[in-house]
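Report on one structure; see the data block that follows.
The values are calculated or read from the model by the stated rules, or taken from the named source; none is laboratory data. Remember, predicted model here, so these are calculated numbers, not experimental data. Quick reminder, even Gly has a Cβ in these numbers, built from the backbone with ideal geometry, and neighbours come from all protein chains shown.
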Amino acid sequence: MNRNQVLPQVHLSAEAIALKKVDFCAPQSYQGAGFLAMTDMPRLAQEASSVNLGDGFDWQMETYFEDSPGSEPRQILNLVLKGRLHLVCQCCLQDCAVNLDEKRRFVLVASEAEADAYPLEDEEQEPLVASQHFNLLETIEDEVLLSLPLIPKHPEGFCEPHATVFGLENEDGVLDEPENPFNILKNMKKNS
Ligand SMILES: [Zn+2]
C-alpha cells in the first residue's frame, strides 16, 4: 500500500517561527507556503546592500514518502523559493535587484553518517538529516545564500553610466540620488 495514503498530512503554518522546529521524524507528511522577509533571515540581510519594500522570499514546501526498492520508503522534501533581494552591482557599485527562482529536492536521512555516505554524484537531490525539531528556516536561508550570484550585476545596459560612490552630479553641480535604471532607459528613448 502506498504509505502516503495512510499518513496524515500536516499543514505547516506560514509563520517564520513555525519553520524553526519541524518534526521530520513523525509519521506524517507536510505541506505549506509563506513569505519570509529579510528580517527573518539575518545572515541573508547581512549580504543585502539595502532592503527595499517587497524584498524577501516566497517559499513553498511539501514532503512525501517515496518507495525505495529493497529498503524503507524515503522521505522527500521539495522546496520552491522565489523572491528578490538587493546586492551591490560589481559593475557600477549601486544597488541592484537580484531575483531568484529556485527548486530543491532533498532526501531526509536518519543520521550524519548516512548523509556523509550519500552519493555525491546524485544531482537530483541532496541529503538532509531529519530530526524532531528540524530548522527549516535555516535550510531555506542556506539555499538562498547558496543561490546568490558570485558577481551580482545589473542586466547589460542598466548600470549607472557616471555613478561614483559619491553619487551623481547634475549640470548645477548638485549631487543627485542615483537614478532608477528604468527612468534612465526612458530618457535614453526620449533623446534618441
Ligand atoms: Zn550596475
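With respect to Glu112, is the statement that it is modelled with pLDDT of 95 or more, surrounded by 12 or more Cβ atoms within 10 Å (Cβ to Cβ) and under 30 Å from Phe65 (Cβ atoms) true?
No: the conditions fail for Glu112.
Scan region 52-77 for residues that are touching a residue at least 12 places away in the same chain (Cβ under 8 Å), surrounded by fewer than 16 Cβ atoms within 10 Å (Cβ to Cβ) and not charged (D, E, K, R) and report the count.
Summing the residues that are touching a residue at least 12 places away in the same chain (Cβ under 8 Å), surrounded by fewer than 16 Cβ atoms within 10 Å (Cβ to Cβ) and not charged (D, E, K, R) in region 52-77 gives 4.
I'd like the residue in region 66-100 that is near the ligand (Cβ under 10 Å from one of its atoms) and aliphatic (A, V, I, L, M) and, out of all such residues, is farthest from Thr139 (Cα to Cα).
Going through the qualifying residues, I end up with Leu93.
Residues that are under 30 Å from His154 (Cα atoms) and of a type in the set (Asp, Glu), at least 1 per element: which strands (runs of 3 or more DSSP E) completely within region 9-94 meet that?
Strands (runs of 3 or more DSSP E) meeting the threshold: 56-68.
Take the conditions surrounded by 14 or more Cβ atoms within 10 Å (Cβ to Cβ) and at pLDDT 95 or above and apply them to Thr39. Does it pass?
no
Quick grid of which residues meet (1) more than 16 Å from the ligand (Cβ to nearest atom); (2) within 31 Å of the chain's Cα centre (by Cα); (3) assigned to a strand (DSSP E or B); (4) at pLDDT 95 or above:
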| position | (1), (2), (3), (4) |
| --- | --- |
| Asp122 | yes, yes, no, no |
| Val144 | yes, yes, no, yes |
| Pro152 | no, yes, no, yes |
| Phe158 | no, yes, no, no |
| Met188 | no, no, no, no |
